[in-house]
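Read the structure below first, then the notes.
The values are calculated or read from the model by the stated rules, or taken from the named source; none is laboratory data. What you see is a predicted model, and the numbers here were worked out from it, not measured in a lab. So basically every Cβ, Gly included, is an ideal-geometry build from the backbone, and we count neighbours across all protein chains shown.
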Amino acid sequence: MNNVSLNRLNAFVAVVEAGSFTAAAEQLAQSKAVVSFNIKQLEAELGVSLMTRSTRRLVLTDVGERFYRDCQEVLREAQEAIDTARKAHAGLSGTLRITTTTEYGVHAVVPALAAFARENPLLEIRHASSSQQEDLISERFDLAIRLGRLQDSSYRASLIETFDIVAVAAPDYLQRVPGKAITTPDELGRAQWLGHSRLPSPRRWPLQTPQGGRTTLEIDTPAAMIVTDSASTLRAFALQGAGVALLPEWLVRDDIHARRLRRLLPDYRFPTQSVYALYPDTRHVPEKVRAFIDFLRAAVRTPRAMKKGAP
């Protein structure tokens, strides 16, 4: 495949993603006539129509839909090969596109990315914060850092670290609890819970007892009074005394130490959670992806290494 063919594939993908020839031309810094010519030549070479055009919109044909997905993979692999070839003594180059949740991004990924960027000044970092489970291929992300159980087997996954989750509540809320104490799983189950919308089944949780045995936390309240889709918002509601929240220990550690929140049933343990790096399952994993996964894994084990200027 020569450079002309790659340019035509790139033009086709740009038109599909931009939604028009005009927008694609602006994105590619080309004239609309050049983009239109490349698409016409591509269709002529393939002998098929990739899209239907009207004055209002472009619609992919069935062949165009399949060809678009294939083009994304071809262009990704071409960019990966270019990035690898351009690797120099100054470090990695090209662009690393990464998405994380806001909370874990601030806690661990952003400090690691900043340190990683200092070591690789030719590498452009593009970071996005989102609670959604993006399609890495269509959104053109190299890497996603996600918490919890893996659901999509179409991605490769690499374990970064594990962490504890804890039940917390503000002293103001606990003052309103009958008896002013939550000391058993049964009492915790009857509390007013704050819900996380991304948890598939928050009504039952296995617990490890102080003696090392097993029990189950049954949440008796019929529904959470407040439901939200982010851990940071859940924490904010808990700080306002709105109820009990189940949150990552690293997110509420400072609040517990400052007594803004109280850890409930501290001698019991909820199931350990995991942090994974997810990336497309391609034959050639870019060096920048492998390098940052290793860097992040080392950074979370030695947080001092992420601090600017740390020896």
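The table that follows gives values for the structure above.
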read-out	value
Residue 224 farther than 26 Å from residue 114 by Cα and either modelled with pLDDT under 90 or assigned to a loop (DSSP other than H, G, I, E, B) (or both)	yes
Residues satisfying the stated conditions in the stretch 147-164, i.e. modelled with pLDDT of 90 or more and surrounded by 15 or more Cβ atoms within 10 Å (Cβ to Cβ)	158, 160, 161, 163
The listed residue being among the small types (Gly, Ala, Ser), at pLDDT 85 or above, under 24 Å from the mean Cα position of the chain (by Cα) and surrounded by fewer than 18 Cβ atoms within 10 Å (Cβ to Cβ), out of 23, 18	18
Pairs with Cβ under 9 Å, 6+ apart, first in the stretch 247-270 and more than 19 Å from residue 161 (Cβ to Cβ), second among the polar types (S, T, N, Q)	264/183; 265/183; 265/184; 267/209; 268/208; 268/209; 268/215
Qualifying residue in the stretch 269-277 (condition: touching a helix residue (DSSP H, G or I) at 6+ places or on another chain (Cβ under 8 Å), farther than 23 Å from residue 191 by Cβ and part of a helix (DSSP H, G or I))	no
The lone exception for residue 184 - which of (1) at pLDDT 90 or above; (2) of a type in the set (Ser, Thr, Tyr); (3) closer than 22 Å to residue 273 by Cβ it fails	(3)
Any hit, the stretch 131-143, residues being modelled with pLDDT of 85 or more and surrounded by fewer than 17 Cβ atoms within 10 Å (Cβ to Cβ)	no
Single condition residue 258 does not satisfy, out of (1) closer than 28 Å to residue 197 by Cβ; (2) touching a Lys or Arg at 6+ places or on another chain (Cβ under 6 Å)	(2)
Residue 80 vs. criteria assigned to a helix (DSSP H, G or I), modelled with pLDDT under 90 and buried (at least 19 other Cβ atoms within 10 Å of the Cβ)	yes
Selection status of residue 50, surrounded by 17 or more Cβ atoms within 10 Å (Cβ to Cβ) and either acidic (Asp, Glu) or free of Cβ contacts under 8 Å to residues at least 40 places away in the same chain (or both)	yes
